[in-house]
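For reference, the structure is listed below as structure tokens.
All of the numbers you see were taken from the coordinates with simple rules; none came from a lab. The structure presented is a predicted model; accordingly, all values stated were derived computationally and were not measured. Counting neighbours? That spans all protein chains shown, and the Cβs are built from the backbone with ideal geometry, glycine included.
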Amino acid sequence: MKPILQAYIGFCLLSAVLCQIGGGSPPTYSRSLETALRTELFTGYSVLQRPEDRMRVKVSLTLLTVNDMDIKNQLMSVSGYLSVSWSDDRLSWSNTSSTSQDYSNVRFLFSNEVYVWSPALIIENSVDSLTVISDKNIPMRINNQGLINWNPAGIYLVSCSSDITYYPLDQQVCTVKVSTWGYTTNEIFLVYDTQPVELGFYSENGEWELVGAVGEPTQDRARGGQSFSSLSFSITLRRRPLFHALNTILPVVLMAFLIPMVYRLPVDSGEKIGYSLTVLLAYAVYLTLISDNIPSTSVSVCYLTVFLVIVLALGVLSVLFVIMVIAAYHKGDKPVTSCMARVGHLMARATCADHGVCCRKKQNQDVVTPIAPESNKLSAELDKKQYLEGESPEAQMTYQEYAIILDHFLFYAYFMTVTLTTFLFTLLGIVHFYTL
């Protein structure tokens, strides 16, 4: 029993000696230990002094949602936060030789911009607040290596140059520009973090689909003759097409096909002018509504506006043509000029309406001249040829007949023009949308 007791006492003495030689285990975490560490680190610390002569600051953007994309005022509003990190060796306690005791069980410290130096950053293209990003309520996380992580959050309203060429099937590219303020590139230079834009917490917008978000190549900004470091986070948005396809494009296309229908109304109905003006006013209203939703810029032209202007011009011309048709129709059986007769026959043949051409023969009962059979046959052939060319001296078209033919011709001409124009603009929009 005695040898065992002696061995135990010897083991305890050896352990005590080894612990004394090795300095002992580090003290466990406690509030008093952290207070001692803070006192030691922040004694003599100045928040106005940079940790190094030239600071390297990493920045990334965590995008939470796109609040609004206003193409008329050329603004984009997003919610998110910046992840800013840098090293400050004055706040490092991993090396026990540089501290009065071992603080290795204090893994992190939390502070704010009141007590710790932080880079002065601004959102360069902000339109509501061009001030240094600052919030003393946002904690900074400091590890034992002196690495500081800071995550200022906010709602950023930035300017965004809109491209309205393919509105409402458009795609917009906007940027959030982060730049240093006060510190030049010789004092602070910004670099992207490993992942420039984080989308893990992103919530979809109902009107705009997020196509992508990347960090553009870094560019320094010149202000007042000095160069300042800057980063640009590019956000690409594509408008969801369903709402505007049903509420903008489809009504415009359907109304375009109402214009040719005025030429199917009988002149005697008395509704031609009223119908034409109603369709014209409806298009003018739609043109006004669409113009209110797009910016007043001449940099790019909206194809939808061009389409509306073309159809509006067709509507204006249709009013003039309807007036001409009504005026001609009410001249009754009065014969048209030879030139108008030729044009009328050409329009009739162009629209396959030859069978609808009613011609009356000139009546001349004062002189009756007998004609030989051979001469009669030759004269009949000549009259037939002249009739087909619209130059028949035996047949004369009336103004009423001319109005009916013109009405028929204008219907086909307008219908083909509207169909072709609608097809081309629709095809242009669809091809652009699916090639984005």
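Output the peptides 409-416, 196-203 sorted from most to least packed, where packing is the average of other Cβ atoms within 10 Å over each peptide's residues.
409-416, 196-203
So how compact is segment 26-154: Cα radius of gyration and Dmax in angstrom?
Calculated on Cα positions, Rg and Dmax stand at 18.1, 63 Å.
Would you mind putting 75-85, 32-42, 342-352 in packing order, based on average other-beta-carbon counts within 10 Å, highest first?
Per-residue mean Cβ counts within 10 Å order the peptides as 75-85, 342-352, 32-42.
Pop out the ³J(HN,Hα) list for segment 419-429 in order, Karplus 6.51 cos²θ - 1.76 cosθ + 1.60 with θ = phi - 60°, rounded to Hz; leave Gly and Pro as x.
So the Karplus estimates, Gly and Pro as x, are 4, 5, 5, 5, 4, 5, 5, 5, 4, 4, x Hz.
Could you work out how far apart the two model spin labels at residue 419 and residue 242 are, taking each label as a point 7 Å from the Cα in the direction of the beta carbon, and quote it in nm?
Label-label distance for residue 419 and residue 242, simple model: 3.2 nm.
Using only the alpha carbon atoms of segment 303-343, find the Kirkwood hydrodynamic radius as the inverse mean reciprocal pair distance, in angstroms to one decimal.
12.4 Å
For a quick check: with amide H placed at 1.01 Å from N, whose amide H comes under 5 Å from residue 170's, ignoring anything fewer than 5 positions away on the same chain?
Amide H neighbours of residue 170, under 5 Å, 5+ apart: 239.
Report the extension gain between residue 97 and residue 115 in nm, rounded to one decimal, defined as 0.36 nm multiplied by the number of residues separating them, less their alpha carbon distance.
4.1 nm
For segment 27-240, what is the per residue volume of the convex hull drawn over the alpha-carbon atoms, in cubic angstrom?
137 Å³
Gain in length, residue 273 to residue 346, computed as 0.36 nm per residue apart minus the alpha-carbon separation, to one decimal in nm?
23.7 nm
Each residue of segment 224-234 in turn: what ³J(HN,Hα) in whole Hz from Karplus with 6.51, -1.76, 1.60 and θ = phi - 60°, glycine and Pro shown as x?
Karplus-based 3J(HN,Hα) across segment 224-234 equals x, x, 10, 9, 10, 5, 8, 10, 10, 9, 8 Hz.
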